Amino acid sequence: MTPTQKRECYPCSLCCLYLKVPEIGKPAYIWCPQLGPKGCKIHETKHQVCKEFICEWAAGAEEIPEELRPFDINVVFLRLKGRKGETDTIFVDEVYPNHLGEDKVQEIIQAFAEYNKVIINPVFEEPYLYGEREDS
Ligand code: SF4
Ligand code: SF4
């Protein structure tokens with residue numbers, strides 16, 4: 001089930017960099033050519049993957065303070081709902097290098113880790129399960 005959007009994205013537009021948008025051949029981690037100074041230029045008709053994408057900040061997750069949009073911390077948090085009562089998984093996707101270690105990001109990760117499985121996905125390293133490395 002897709003989460004409901006509870007917070008207004010603008011001025012964050014980080015998913016326009018981070019997302020792969022097959023309809024326009026946009027690879028992940030390349031800024032979208034449809035992005036203008038005030039956000040998506042085709043807002044009304046934007047592509048399905050963009051319409052459906054709602055990160056945990058936009059979904060209003062209480063673990064992420066409202067003033068810390070993904071754009072401000074360079075990290076996107078995503079939730080995968082667990083099936084049939086299983087624990088949810090939170091994916092912590094670093095978009096620019098060297099931001100996962102920041103105190104404000106670590107506090108958010110720890111808050112999610114209390115009730116969820118957390119997968120950390122650094123820019124230049126393989127993903128790993130939070131708590132399974134000495135530095136996590
Ligand atoms: S990363 Fe999240 S807050 Fe930022 S534009 Fe995308 S959905 Fe909105
Ligand atoms: S189509 Fe619009 S919402 Fe989708 S990635 Fe491009 S600029 Fe962002």
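Values quoted throughout were computed directly from the atomic coordinates according to the rules given, and no laboratory measurement underlies them. Predicted, not measured: the structure shown is a model, and the values here were computed from it. In this analysis, Cβ positions are derived from the backbone assuming ideal geometry, glycine residues included, and neighbour counts consider all displayed protein chains.
Once the Cα atoms are used to define both axes, helix 103-113 deviates from the longest principal axis of the chain by about 70 degrees. Straight Cα distances below 16 angstrom link residue 6 to the aspartates and glutamates 52, 56, 62, 63, 66, 67, with same-chain residues fewer than 8 positions distant left out. Around residue 82, under 9 Å between beta carbons, what's the net of Lys plus Arg minus Asp minus Glu among the other residues? Around residue 82, the charge tally is +2.
Annotation: lysines with alpha-carbon distance below 20 angstrom to residue 104 (same-chain offsets under eight excluded): 117. For GluC sites (Glu not before Pro), the sites in the stretch 22-90 that DSSP calls loop and that have at most 15 other Cβ atoms within 10 Å are 62, 66, 67, 86.
Dividing the summed -39500 (n - 2.57) terms of all DSSP H runs of n ≥ 4 by the residue count of the chain sets its mean residue ellipticity at 222 nm at -4000 deg cm²/dmol.
The residues packed around residue 60, meaning those with a beta-carbon under 14 Å from its beta-carbon, carry a net charge of -2 if Lys and Arg are +1 and Asp and Glu are -1. Scaled against 2.2 N^0.38 Å for its residue count N, the alpha carbon radius of gyration of the stretch 15-129 is 1.10.
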